[in-house]
1. For THR496 and ASP116, calculate 0.36 nm times their separation in residues minus their Cα-Cα distance, and state this gained length in nm to one decimal.
2. Where the convex hull is taken over the Cα atoms of the range 388-507, what is its projected area averaged over directions, in nm²?
3. Roughly how many nanometres apart are two label points built 7 Å out from the Cα toward the Cβ at LYS45 and LEU361?
4. For the range 204-360, rounded, prolate or oblate, judged on the Cα gyration tensor with a ≥ b ≥ c (square roots of eigenvalues), a/c < 1.5 rounded, else prolate if a/b > b/c?
5. With r as the distance between the Cβ atoms of VAL27 and THR177 and R0 = 22 Å, compute the FRET efficiency 1/(1 + (r/R0)^6) and round to 0.05.
6. How much mean residue ellipticity at 222 nm does the chain get from its helices, if each DSSP H run of length 4 or more adds -39500 (n - 2.57) and you divide by all residues, to the nearest 500 deg cm²/dmol?
7. Under 17 Å from a label point 7 Å along Cα→Cβ of THR58: give me every residue in the range 469-506 with its amide N that close.
8. Using a Förster distance of 25 Å, how high is the FRET efficiency between LEU533 and ARG685, based on the Cβ-Cβ distance and rounded to 0.05?
Amino acid sequence: MIRFSKWVTNYRKTLVTVFLIAAGLSVLLTALVSVNYDMADYLPKDSPSTEAISVMETQFGSDMGNARVMLNDVTVQQALEHKDAIASVPGILSVRWLDDVFGRDTIISTPLEYLDPNIVDNYYKNGHALFSISIENGAETEAVDQLHALLGENASVAGRAVDAATVQEMAVSEVITALLILVPIILIILILSTRSWLEPLLFLFTIGVAVVINMGTNIFLGEISFITQTVSPILQLAVSLDYAIFLLHSFDEYRGSHTPRDAMRLAIRRALPTVAASAATTVIGFSALLFMRFGIGSDLGINLVKGVILSFLSVMIFLPALTLISYKLIDKTRHRSFVPGFLKIGRGVMKARLGFLILALIVVIPCFLAQSNTGFMYGTGTVSETSRSGRDAARIDAEFGKENILVLLVPIESTGKETELCAELSSVPHVTDVVSYVTAVGSEIPVQYLPQEVRQNFYSAEYSRIIMYTDNPDEGEQTFTTVRSVRDIAGRYYDTSYLIGQSATLSDMKSVVEIDTRIVGLVAIVGIFIILLLTFRSLSIPVFLVFSIQSAIWINLAIPYFSDRPLNFIGYLIISTVQLGATVDYAIFLTHRYLADRQMLPKKEAMLKALSENLAAILVSAGILASAGFALAGTSGNPIIAELGVLLGRGTILSFVMVVCVLPALLVLFDSFIRKTTLKSGFFRRSALSAPKKEADDHE
């Protein structure tokens, strides 16, 4: 540690140059990082829907449609001309319409009234033509822009691919908007809590360099998800500012009696173990995401772990070097402390500590039960209705209703078996129509007599394609029951079958996530418990610290249950690890201070001192993280990101309250038990000769 501190201070100019060059290169690399907006890509490769999509693409040349285009006031002939124009747009893989069911010659020569009205109404109604199109993954933005340019205001374009294009356009601007809101708030908080106008800028610049390097090094991952792109920079900034604050506060304390270089060396030696322990707990919390089978967990987990490590290195190497270069400016920009004293608040907390503890125990039990029964949503949601895609979706739904299609692929065998299967599928609740070769054309008509576009729509070399229209929402128990029923029926007729559709994908997500939620939560708790066990060398302290933060998490996740609002599973998984990993630092910090003061003071006086002297530091950290969460919530048009922001902001506040109000009560109440279960506790004990027994008992 001594050699490390000397190395940092001796080569400060070189180190600053290296970090700035790395940040500059990372800015360029960031633009080359590919971003994935399709959540289905993160399902395990062996999940049924993932395999089904692969078979569909191999056999029929395209995935299911991921967008809908509605044209207003067009004839059948005009609709066919528009279909050809849409198919020529780069990035459009396929376009399906009425002619793919009955044949182009048929719908041109035959009045639509003579065709099956249940099928026709899915594609053409009241002069409106509805096309199902498939847009290539990654080409959403360009394809949608060209569709708007081609079709003009007479068309409505909506669907998952269009939402993805909208999210792509919003993603970068939303991060920038969130930072424009968050950075001034952080600056105000830091100015109030420091004694130099320059120090807050050094904090932000140091972590900003780490954030930029983290984003640039994602080039080695190949691609990242849109959730990682949006959430990771904000979280990295918010959770790691503490490291910089602690280092410079230590530097200021040593400046009074040492030269700047010696003061920084001492500050590095003092800060390194504490900052490393803090970073370790955060890394452990984030690392729990890596155990998810659903790939979005490892995608975000790797990025956050990498970000915390880079922030740690930036604070322990770049910040000391930068500070020694600019310490004269720090001295010139000194101001008085704006932080008020917290002695009165500390006394109030101590007086009410048992009341806080009792209230927490009363609240925690029902919240624990409630959060375990919170309903989940597994889709990505839709973009804001104020966007064009949101308005277009509303127009299409008003005319044709919400579209929820399931596609079943079964091996080509006898048309009789296929007829029986389709008849049974038609009887499944919420299946409104079944379109297949045997229902749309007829099993008695040989395939070779059909137009190619009709034949290719229903048959590949090996599989028959059966399209089912349902009146289900994209997800929910009713929807998942329909998916299970279709799979069960197909399984009775064929040894091999594949079901494709948004609802089938979400059903698989549900199956994967139900396992992930248990694994991730357990890994995070066990990992952090072990870190705390090693840090405090105590069997009891980790229990109280984990209980304090985990209780705040249970309360946070129970609120959606009591408000009867389902919670997106991504928010649940992320917040259960992020809140634990990021806010347990508050409990660690307060407990460290209490144990140090407990060496010299009785328990109540030690806790009062720890609270009154360190409440400001905890408040600053919690204020920054909560602000980050609410900034995300207030700026994102993506419902997943907005909900995650609310959970983060609210969860941070709850963790702060539990650490400040409930943890002191636990530490004081179980002081004797902690002393007995902590290695070399060294707790102060008032001599029985110097005070009456009752007084001694009260103060120990």
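1. Values: separation 380, 0.36 × 380 = 136.80 nm, distance 3.01 nm.
Separation in residues times 0.36 nm, less the Cα-Cα distance, equals 133.8 nm.
2. 8.4 nm²
3. Output for this residue pair reads 5.2 nm.
4. Values: a/c = 2.37, a/b = 1.20, b/c = 1.98.
Taking the square roots of the gyration eigenvalues as a ≥ b ≥ c, the range 204-360 is oblate.
5. On the way: r = 19 Å, r/R0 = 0.87.
Step by step, r from the Cβ atoms, then E = 0.70.
6. Values: 28 runs with 459 residues, N = 700.
Counting only the DSSP helices, I get -22000 deg cm²/dmol.
7. 495-500
8. Working: r = 25 Å, r/R0 = 0.99.
For LEU533 and ARG685, the calculated efficiency is 0.50.
Any read-out appearing in this document is the output of simple, stated calculations on the displayed coordinates, not a laboratory observation. A quick note: this is a predicted structure, and the numbers were derived from the prediction, not measured. Don't worry about glycine lacking a Cβ; one is built from the backbone with ideal geometry, like all the others, and counts go over all protein chains shown.
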